[in-house]
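Q: Below is a structure I'd like to ask you about.
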Ligand SMILES: [Cu+2]
């Protein structure tokens, strides 16, 4: 209701202003004035200097943005190939900045230099081959270099040698959560199909496949430091995108097909948390949280929990209403910790067996619930 009133007030104010300008125009009738709609030299000068003002605005805002938001970018990459992605990105940024700084200055300078002037005469210039070769050739050479470097980096990152010692893990995307499946001791994932989804077998793993017998399904991803992890990615419903920002990895999850990405983590979660830049970042976040908590407590609400850094797997495709919250915690362990963590996880086959095991009938001999029933019966007999 308030916003409606504000809108009405604004509309009425603009009508009032418009009427006032009309009255002002009427008061000027008879005075000597240039009523022409064609720009004169004075107008052109104003526009010319305004172009310089706009150029200054672009430069100042760029520098301001770099200082204010520059520190928010992702810091040290946590995967072996990450530095290659970062240098490709940095080279691209530097090129864009140089080109943009020069071309903006030229565009604005020439707009000013050749601003409208009654004494100027237009020059008829059909073409200039030399100029065209220069302005087409330089970008073509630079872009070819960038694209070749990008292709080289992409092939290098995406290539997984068949004989390479990797750990095979499946990432399963669905609206709006991630599930991981470890391939177990044989390091081969069992076949899967959405048609086989039933009960606790939420990933549709083919339980008759010998390779599926030791597969382990979990909802928190643990990976070992210093070993290449080969992810096989599936989606149950729509397009998702498996995005590991700290590992500089991203791959689409496409229903009906398996996509892949492999990377080697180089810092455990604890090592990454202890890095000076991360310590500082976490401190800043917690200072903000503390200030907010004070406000919340004053209003009788519970305080916020302190923040601790965790690697995350995010979804980077807008896949529906809760897309923003589609994430999974990723823990990079030392190889020993990883082994220990995985060793006590039940296999999917065991989980399915446990879920399908006949439930003890209430009151039956040997069932847990009989204990209380027995006690009740004994108590009843004693009462008699
Ligand atoms: Cu998604």
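The values are calculated or read from the model by the stated rules, or taken from the named source; none is laboratory data. Every value quoted in this text rests on a predicted model; they were computed, and no experiment measured them. Every residue, glycine among them, receives a Cβ derived from its backbone with ideal geometry; neighbour counts consider all protein chains shown.
Q: Of the residues that make up the range 155-177, is at least one away from the ligand (no atom under 16 Å from the Cβ), assigned to a helix (DSSP H, G or I), in contact with a helix residue (DSSP H, G or I) (Cβ under 8 Å, 6 or more places away or on another chain) and outside the structural domain of residue 233 (by TED's automatic domain parsing)?
A: Yes - at least one qualifying residue is present in the range 155-177.
Q: Applying the selection to the range 188-206, what residues are out of contact with any strand residue (DSSP E or B) (no Cβ under 7 Å at 6 or more places or on another chain) and touching a residue at least 40 places away in the same chain (Cβ under 8 Å)?
A: Passing the criteria: 194, 199, 200, 201.
Q: Out of 81, 108, report the one residue that is farther than 30 Å from residue 269 by Cβ, modelled with pLDDT of 90 or more and either assigned by TED's automatic domain parsing to the domain that holds residue 263 or surrounded by 13 or more Cβ atoms within 10 Å (Cβ to Cβ) (or both).
A: The unique qualifying residue is 108.
Q: Hey, among the residues in the range 110-122 that are part of a helix (DSSP H, G or I) and free of Cβ contacts under 8 Å to residues at least 24 places away in the same chain, which one's farthest from residue 66 (Cα to Cα)?
A: 113
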